[in-house]
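Trainee: Got a structure here, written out as structure tokens. Questions coming.
All of the numbers you see were taken from the coordinates with simple rules; none came from a lab. Keep in mind that this is a model prediction, so the values were computed, not measured. With ideal geometry, Cβ positions are generated from the backbone for all residues, glycine too; neighbour counts draw on all protein chains shown.
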Amino acid sequence: MPALLGTFYFFYFAIVGIYIIFLPKVLSMAGYSAGDIGIIFSCAPLVRFLVPFAFTRGLKLNAKSFNIALVIMLGSALSFYFSLDSFYKLLFSNIGLGIGLSLMLPHIELISLNNIGKERYGKIRLFGSLGFVLVALILVKFLSSANVALLYLLTLTFLTAVIAYIIAKKSNEILKKTQDEKNDISILRDWRLWLGLTLMQVSFGAFYNFFTIYETDNGISLDMTIYLWSFGVLVEIFMLYFQGTLLRGNLLLILQITTFATVIRWLLLFLFPQELGILFFSQALHALSFALFHSAAISYLYHLYKHKSLAQQFFSGISYGLGGFVGALLAGYVYEFYPKYLFLSSSIIALMACGFLYIWSQNSKIKLVS
């Protein structure tokens, strides 16, 4: 099972690499405006946010629905080939891909935690980071036309679907067990926790969408900015490999520490946008603000709630979906009117996230120490 999970993460995040790095370029090559591209890509995090609520209204995450999600994902990847000439076709293809991906990943995360545990999770998840980096390094050499990127997307989506189907087949008992779980998740009751997790991702809106623009506008070369991105992924891989010991401690405390480290990270980018040494140090904090935070968050939710599959769905949908959507819109507004203060605003948002997680820790009776 570990080998299958590692392979899945490798192919899945290779898809994410194509989606984030190359598909916007593909649409630009096809003649779409920046506004059109923004609308097309904004629907994915919205879909990611909405999907979990379907499970609170009777939809069951079982083998049938999981396999349907795989078919939707494959069909959507294929439909990109026939959609480049139409804005609305692309919009619906992207929505379909978002539905498939958002249904699939949280359940695989649940299987990972159930089969290998939180201590070994990072050593398997790091293959996703490798897939992301390798597809970027390879595809950038061969992106001669839109069809090349779409062929990579379709091939990797097919491989991901096959591996996901095999994993789910081997973990059928987990799927059956989740069908009988009662929903014990209350977003309103636990709003401090969920707001803290979501604000953390809102703070990343500036980084994911404007870091390259921000640094090049401040005189850092594009090549050096790419090196900064790559260094961030390297420290992410390092943390994922060695974080097992840390995850045996108080997961809620780790969440507070990693959010505060993110406050420092964004503040450094605001204060020293041209200092390479400090920029590399801020990227080193990616090990905490992304890798360790993500692992601690999914592990904490896994132990906090009985309905473990829905907890992962909500984390993916609310935190990364809604948080990513709001973060992108907010960062765009700030950078358009107050570009100098882009990462100061991110730092303030991350500080708010840290504050809400601290308040949650003081009010919650559950202290997860294992």
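Trainee: What is the order of Trp360, Trp191, fewest Cβ neighbours within 10 Å to most?
Mentor: If I rank by nearby Cβ atoms, fewest first, I get Trp191, Trp360.
Trainee: Under the rule of -39500 (n - 2.57) per DSSP H run of 4 or more residues, summed and divided by the residues of the chain, what mean residue ellipticity at 222 nm is obtained, to the nearest 500 deg cm²/dmol?
Mentor: It lands at -26000 deg cm²/dmol.
Trainee: Under unit Cβ charges (Lys, Arg +1; Asp, Glu -1), what dipole magnitude, rounded to 20 debye, does the chain have relative to its Cα centre?
Mentor: Rounded to the nearest 20 debye, it is 1280 debye.
Trainee: Taking θ = phi - 60°, what integer Hz values does the Karplus form 6.51 cos²θ - 1.76 cosθ + 1.60 yield along the range 88-99, in sequence order, with x for Gly and Pro?
Mentor: Using θ = phi - 60°, the values come out as 6, 4, 5, 4, 6, 5, 5, 5, x, 5, x, 4 Hz.
Trainee: In percent, what relative contact order does the range 191-363 have, based on Cα pairs under 8 Å that are 6 or more apart in sequence?
Mentor: Value for the range 191-363: 47 percent.
Trainee: For the pairs Lys123/Lys170; Lys64/Lys308; Lys118/Lys141; Lys141/Lys169, flag any whose C-alpha to C-alpha distance is greater than 25 Å.
Mentor: Distance filter (> 25 Å) returns Lys118/Lys141; Lys141/Lys169.
Trainee: Please give the FRET efficiency for Tyr338 paired with Leu151, using the beta carbon to beta carbon distance and R0 = 45 Å, rounded to the nearest 0.05.
Mentor: It comes out at approximately 0.65.
Trainee: Also: Need the C-alpha centroid separation for the range 253-278 versus the range 293-370, integer Å.
Mentor: 16
Trainee: So how do 226-239, 148-161 stack up, highest first, on mean other-Cβ count within 10 Å?
Mentor: Per-residue Cβ counts within 10 Å, averaged per peptide and sorted highest first, yield 148-161, 226-239.
Trainee: Net charge around Met224, counting only other residues with Cβ within less than 14 Å of its Cβ (Lys, Arg = +1; Asp, Glu = -1)?
Mentor: -4
Trainee: Here's something else I'd like to know. For the charge dipole of the chain, defined by +1 on Lys and Arg C-beta atoms and -1 on Asp and Glu C-beta atoms about the Cα centroid, which residue among Asn363, Val26, Gly323 has the Cα displaced farthest towards the positive pole?
Mentor: Highest projection toward the positive end goes to Asn363.
Trainee: Work out the length of the dipole vector of the range 191-363 about its Cα centre, built from +1 on the beta-carbon of each Lys and Arg and -1 on the beta-carbon of each Asp and Glu, and round it to the nearest 20 debye.
Mentor: With Lys and Arg at +1 and Asp and Glu at -1, about 720 debye.
Trainee: Let me ask something else. Could you derive backbone 3J(HN,Hα) for the range 247-260 from the dihedral phi with the Karplus parameters 6.51, -1.76 and 1.60 (θ = phi - 60°), listing whole Hz in sequence and x where the residue is Gly or Pro?
Mentor: So the Karplus estimates, Gly and Pro as x, are 6, 7, x, 6, 5, 5, 5, 4, 4, 5, 5, 5, 5, 5 Hz.
Trainee: Which log10 I(q)/I(0) values, to two decimals, does the range 2-179 give at q = 0.10, 0.16, 0.20 Å⁻¹ under the Debye formula with one point per Cα?
Mentor: -0.39, -0.98, -1.39
Trainee: Based on the Kirkwood radius over alpha-carbon pairs, what value in µm²/s does the Stokes-Einstein equation return for the translational diffusion coefficient of the range 191-363 at 4 °C and 1.567 mPa s?
Mentor: Diffusion coefficient, whole number: 80 µm²/s.
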